[in-house]
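Visitor: Let me give you the structure first, and then I'll get to my questions.
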Amino acid sequence: MLKKLLPKTKSKKKKDAASSAIPTLDRLHETLEMLEKKECFLQKKCSAEIEKAKDYTKSKNKNAAIQCLKKKKLYETQIEQLSNFQLRVHDQIIMLESAKATTDTVDALRSGSSAVKAIQQSLYIDDIENAIDAANEQTENMRQIQEALATPVGASADFDEDELEAELEDLEEEELEEEELPAPPARISAHVEPLAKQTSSSMQSSDLSELTKLQAEMAL
């Protein structure tokens, strides 16, 4: 469908047509601006002829008033022509802008397709497989290095793991036995309590003797 609508042209002609779109648009906008200014000027002339016709009518100059109205009609005809010209220019601007947008889109798509094709051509299945194999090899080498670093060396390499585990079990059993032994704080507290009572009674007897002695001194 697109092949039928778009003629086959050489790439050079396409570039020339795309590069000439911007100057053509500028020229069309300038023409449109000129037509709008000319229409505005004729509108002012038309209004001026109407005012003259009114003045001649007030002064009873019928022929002059008619001449002013005729000029007004001529100006209105030119204004209508200018309006039609502006519509045509507007139509050309819209069509050219649309064509330029289409051309820019096609160029962008073509550039993207060429970039993807160039990237695909730079990639080969053998290179990808070699890169994957190299990455796997480096990963395996790193694993072996880490295992080698984690292997005990020197005196620690001679330790018997079974013997260490048996020693650890003995320590755990000793801790459990210590936790199961009865605590002796009850006997100590029972012994401390009579001592506290004796200390309290001795302090009371001492206070009583001092009080008796004080009373005797007061009696003298």
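None of the figures in this text is laboratory data; all of them are computed from the coordinates on show. A quick note: this is a predicted structure, and the numbers were derived from the prediction, not measured. Please note: Cβ atoms are built from the backbone with ideal geometry, for glycine as well, and neighbour counts cover all protein chains shown.
Visitor: Please work out the FRET efficiency for the pair residue 110 and residue 27, using the Cβ-Cβ distance as r and a Förster radius of 22 Å; give the result to the nearest 0.05.
Guide: Computed FRET efficiency for residue 110 and residue 27 comes out at 0.20.
Visitor: On a full-extension model of 0.36 nm per residue, what is the gain between residue 87 and residue 67, subtracting their alpha-carbon distance, rounded to one decimal in nm?
Guide: Roughly 4.1 nm would be gained on extension.
Visitor: Pull out the extension gain between residue 167 and residue 76, defined as 0.36 nm times the separation in residues minus the alpha carbon to alpha carbon distance; nm, one decimal.
Guide: That works out to 20.9 nm of additional length.
Visitor: What does the charge count near residue 28 come to, summing +1 for each Lys or Arg and -1 for each Asp or Glu among other residues with Cβ under 11 Å from its Cβ?
Guide: Net charge in that neighbourhood comes out at -3.
Visitor: Here is the link list: 38/71; 37/60; 38/73. Which ones come out longer than 25 Å on Cα distance?
Guide: 37/60, as the Cα separations exceed 25 Å there.
Visitor: Can you figure out the FRET efficiency of residue 34 with residue 120, using R₀ = 45 Å and their beta-carbon distance, to the nearest 0.05?
Guide: The calculated FRET efficiency here is 0.30.
Visitor: Going by the alpha-carbon gyration tensor, a ≥ b ≥ c the square roots of its eigenvalues, is the range 38-106 rounded (a/c under 1.5) or, if a/c is not under 1.5, prolate (a/b greater than b/c) versus oblate?
Guide: Prolate, since a/c reaches 1.5 and a/b exceeds b/c.
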